[in-house]
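The values are calculated or read from the model by the stated rules, or taken from the named source; none is laboratory data. Quick caveat: nothing in here was measured; it's all calculated off a predicted structure. Neighbour counts run over all protein chains shown; Cβ positions are idealised from the backbone, glycine included. Side chains are part of the model used for accessible areas, which takes the heavy atoms of the whole protein and leaves out ligands, DNA and RNA. Shrake-Rupley method; radii C 1.70, N 1.55, O 1.52, S 1.80 Å.
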Amino acid sequence: VGPQAPGLLHLKARVLDLAGRLQGRVRPAVAGGTSTGSERDEWGASRLSLAAFPPGTGFTRHLDNPTRNGRVLTAVYYLNEAWTLETEGGALAVERAGDHPSGEASSPLLVVPELDRLVVFFSETCWHEVQENRGGRERLPGTTG
């Protein structure tokens, strides 16, 4: 990402600021001057990544950071214009644990991948999946966390 995408760089800066404000939840990836990996910055955030989900693809249910190694938040910013969930699918299905007294998750919250939509969730505890893209074009999210 370079000067041609200043909006995405601003988005990343805002997400890192939010992570910093969650002081009790943030565990820096750098301790004692030793980096845990060149792909991470001082907040333990991975670099911005852009993904494409071609027609017929999705992503199975998962946690973004099941090992709890420093990544706290995931931010997804959608770049699709005029996306229609009914015909194209590709929703982000986010589980909402704790909605019921039993602690079981209710039906997932479906997030339509529409242009200029931002979704932020906890990387360590928020189970989610990308439902199958049934449309004729790629589903385009930008992710940082």
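Looking at GLY58, is it small (Gly, Ala, Ser), surrounded by 13 or more Cβ atoms within 10 Å (Cβ to Cβ), under 16 Å from GLY142 (Cβ atoms) and at pLDDT 90 or above?
Numbers: small (Gly, Ala, Ser): yes; surrounded by 13 or more Cβ atoms within 10 Å (Cβ to Cβ): yes; under 16 Å from GLY142 (Cβ atoms): no; at pLDDT 90 or above: yes.
Taking the combined requirement at face value, the residue does not satisfy it.
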Kindly indicate whether any position in the range 62-77 is open to solvent by less than 50 Å² (accessible area, probe 1.4 Å), assigned to a loop (DSSP other than H, G, I, E, B), at pLDDT 90 or above and in contact with a Phe, Trp or Tyr (Cβ under 8 Å, 6 or more places away or on another chain).
yes
